[in-house]
Amino acid sequence: SLTILTWGKNQTQPKYFNQQGLTTGVLLKNGIGSLHSINISGVVNNANITLYDGTSTAGTVIYTTGAMTNQTIPISIPFNNGINFENGLYLTITGANCNAQVIYE
């Protein structure tokens, strides 16, 4: 039997990706992981951000903003316990321009 004890808070090393404007799709990660948060800014009317559990839009939707209205104030959406994904993390921004910073690991 073997036991490993650690002291202190678990430290992770999340990555981030910035997308400015429309995109039909960007593969952020292949394989399992966790979505920590998303920061949104510069929203033009009808912009829609969607994150999929998969390597394309054929994956399962794990988060979508729906059609947003014009926003000049940045929005931060934390997922306190993370949203786990199994197959990958895929991002699309459709409808109109906006900026998205996705933080994941």
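The values are calculated or read from the model by the stated rules, or taken from the named source; none is laboratory data. What you see is a predicted model, and the numbers here were worked out from it, not measured in a lab. Please note: Cβ atoms are built from the backbone with ideal geometry, for glycine as well, and neighbour counts cover all protein chains shown. In case anyone asks, the SASA skips ligands and DNA or RNA and just uses the protein heavy atoms, side chains included. Shrake-Rupley method; radii C 1.70, N 1.55, O 1.52, S 1.80 Å.
Find the residue count for segment 75-95, including only residues that are of a type outside the set (Asp, Glu), open to solvent by 10 Å² or more (accessible area, probe 1.4 Å) and touching a residue at least 24 places away in the same chain (Cβ under 8 Å).
Counting residues in segment 75-95 that are of a type outside the set (Asp, Glu), open to solvent by 10 Å² or more (accessible area, probe 1.4 Å) and touching a residue at least 24 places away in the same chain (Cβ under 8 Å) gives 12.
Go through segment 96-105 and give me each residue that's buried (at least 18 other Cβ atoms within 10 Å of the Cβ) and either at pLDDT below 95 or more than 10 Å from the chain's Cα centre (by Cα) (or both).
98
Looking at residue 27, is it open to solvent by less than 70 Å² (accessible area, probe 1.4 Å) and either among the hydrophobic types (A, V, I, L, M, F, W, C) or more than 13 Å from the chain's Cα centre (by Cα) (or both)? If you could, list the steps in order and put the result at the bottom.
On the way: open to solvent by less than 70 Å² (accessible area, probe 1.4 Å): no; either among the hydrophobic types (A, V, I, L, M, F, W, C) or more than 13 Å from the chain's Cα centre (by Cα) (or both): yes.
Taking the combined requirement at face value, the residue does not satisfy it.
List, please: which pairs have Cβ atoms under 6 Å, are six or more places apart or on different chains, and start with a residue in segment 1-21 that is part of a loop (DSSP other than H, G, I, E, B) and end with one that is modelled with pLDDT under 70 and hydroxyl-bearing (Ser, Thr, Tyr)?
Once the first residue is part of a loop (DSSP other than H, G, I, E, B) and sits in segment 1-21, no partner that is modelled with pLDDT under 70 and hydroxyl-bearing (Ser, Thr, Tyr) comes close enough.
Please pick out the residue among 72, 50 that is of a type in the set (Val, Ile, Thr) and open to solvent by 20 Å² or more (accessible area, probe 1.4 Å).
The unique qualifying residue is 72.
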